[in-house]
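Colleague: Here you go, one structure.
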Amino acid sequence: MNTTTKPRTSTRPRVERPKLHKVILLNDDFTPREFVVAVLKAEFRLTEDQSYRVMITAHRKGSCVVAVFPRDVAETKATRATDAGKAAGFPLQFTTEPEE
Ligand code: TYC
């Protein structure tokens, strides 16, 4: 068997790392604060403190970034969290957008 190796003459082109996507919580006038906090804890594994801060930021400013994930994970979590609100009769909304 020929075990000699020839020197490597080609290199693999470096590709860009896939972009992470932000999950964004949107404020509304109807969803109770405690419910928003509960969804953030359950779906995003935030602590009570982190969840409260994200909720109150969205409440005051209109929206707040919850976390960043690969695109499919971000979309799945945003959908699940929005569906949790819908199932309870609330208009709670989570969206996603690519990081710069
Ligand atoms: N604004 C809601 C209220 O006053 C609470 C709330 C906060 C709802 C953040 C959504 O993303 C949200 N009951």
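Colleague: Once the Cβ-Cβ distance between Gln50 and Arg17 is put in as r, and R0 is 25 Å, what FRET efficiency do you end up with, to the nearest 0.05?
Modeller: After rounding, the FRET efficiency stands at 0.45.
Colleague: Quick one: how many lysine pairs does the range 20-98 have with C-alpha atoms less than 19 Å apart and a gap of 8 or more or different chains? Give me the count, please.
Modeller: Lysine pairs meeting both conditions in the range 20-98 amount to 6.
Colleague: Right, next: Quick one: what are the phi-derived ³J(HN,Hα) couplings along the range 92-98, Karplus 6.51/-1.76/1.60 with θ = phi - 60°, whole Hz, x for glycine and proline?
Modeller: Per residue, the Karplus-derived 3J(HN,Hα) values read 3, 10, 10, 10, 10, 8, x Hz.
Colleague: Can I ask one more? Charges at C-beta only: +1 for Lys and Arg, -1 for Asp and Glu. How large is the resulting dipole of the chain about its Cα centre, in Debye rounded to 20?
Modeller: 700
Colleague: Something else about it: With the chain treated as a Gaussian network of Cα nodes joined by springs under 10 Å, which of Ala84, Ala58, Ala42 yields the largest mean-square fluctuation?
Modeller: Ala42
Colleague: OK, next. From the alpha carbon gyration tensor of the chain, can you work out the equivalent ellipsoid semi-axes (sqrt of 5 times each eigenvalue) and give them in Å, largest to smallest?
Modeller: The three semi-axes for the chain are 42, 13, 12 Å.
Colleague: Sticking with this one: Does a label point 7 Å from the Cα of Val73, set along Cα-to-beta-carbon, have any residues of the range 8-34 with amide nitrogen under 17 Å, and which are they?
Modeller: Answer for the range 8-34: 17-24.
Colleague: Next question. I need to check one value: relative contact order of the chain, counting alpha carbon pairs closer than 8 Å and at least 6 residues apart, in percent.
Modeller: 41
Colleague: With everything on Cα atoms, drop me the angle between helix 48-61 and the longest principal axis of the chain, reported from 0 to 90° to the nearest 10.
Modeller: That helix lies at roughly 70 degrees to the long axis.
Colleague: Using the Cα centre of the chain as origin and beta-carbon charges of +1 (Lys, Arg) and -1 (Asp, Glu), tell me which of Val37, Leu25, Ala67 is placed farthest towards the positive end of the dipole.
Modeller: Ala67
Since every read-out is calculated from the coordinates, none of them should be taken as a lab result. This one's a predicted model, so the numbers in the text were calculated from it and none came from an experiment. Backbone-built Cβ (ideal geometry, glycine too); neighbour counts: all protein chains shown.
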